[in-house]
Every structure is written in C-alpha cells, then in structure tokens.
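Below is one structure; the comments refer to it alone.
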Amino acid sequence: MAFVYMLECADGSFYVGSTVKSLEARLWEHQQGLGAAYTARRLPVRLVWHEEHEHIALAFGREKQIQNWGRPKRIALIEQRYDDLPGLARRRGKKPRP
C-alpha cells in the first residue's frame, strides 16, 4: 500500500507528499523535521487529508496532480466538496469562468 497525503503547516500553507511507509511513521518524520525541507521550516504540521493507493506509482501521480492545484481546490478536497473540484480548476492564460 502507498499513501498520498496533505499536511497543513504552521504558516497555513499546504504540503503534498506520498509514501510507502506507514502514514503515521511518515507524519512523525515530518513532525521531527526529518520529512522534507519545506515542512522542517514550517513546524508544526498536521495531517489534513490522505488517500490510500495500491501502488506507489498511483500515489505519486496523484501527489503531482494535487501539487498543481491552487489553494481553493486543495481546500475543497480537504472538505470533501468533490462536486466543486472541476469548477476550481486553474485556467492558465484564460479568463475566469462565470
């Protein structure tokens, strides 16, 4: 099993990662400043969302997808407002949708 997860950092930003370790072990590493340079500078962190995948390749792909999302779309995912996700898609170089 593999996981993709989102942490909220002390500064209010979000960190998205994936792991094949237990989610609890990976969260502990982040809390100790061992998880990633980004989170180590923004402690403490808390787990706000996660998904389980059968293979790390699927989790990694989902991680990269979510990393490209803007803050409003990430918040909708955390709040499980799945119907809002398509409307929150970034439209680079285009006018916002009405």
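Just one residue in the set 36, 59 is of a type in the set (Gly, Ala, Ser), closer than 19 Å to residue 8 by Cα and in contact (Cβ under 8 Å) with a residue 24 or more places away in the chain; that residue is 59. Restricting the search to strands (runs of 3 or more DSSP E) fully inside the chain and requiring at least 2 residues that are of a type in the set (Val, Ile, Thr), surrounded by 18 or more Cβ atoms within 10 Å (Cβ to Cβ) and on the phi < 0 side of the Ramachandran plot gives 14-19.
Residues in the range 52-82 that are of a type in the set (Asp, Glu) and touching a Phe, Trp or Tyr at 6+ places or on another chain (Cβ under 7 Å): 52 alone.
Computed from the coordinates by the stated procedures, all read-outs in this text should not be read as laboratory data. Computed from a predicted model, the values in this text were never measured in an experiment. Cβ sites come from the backbone with ideal geometry, for glycine too, and all protein chains shown count toward neighbours.
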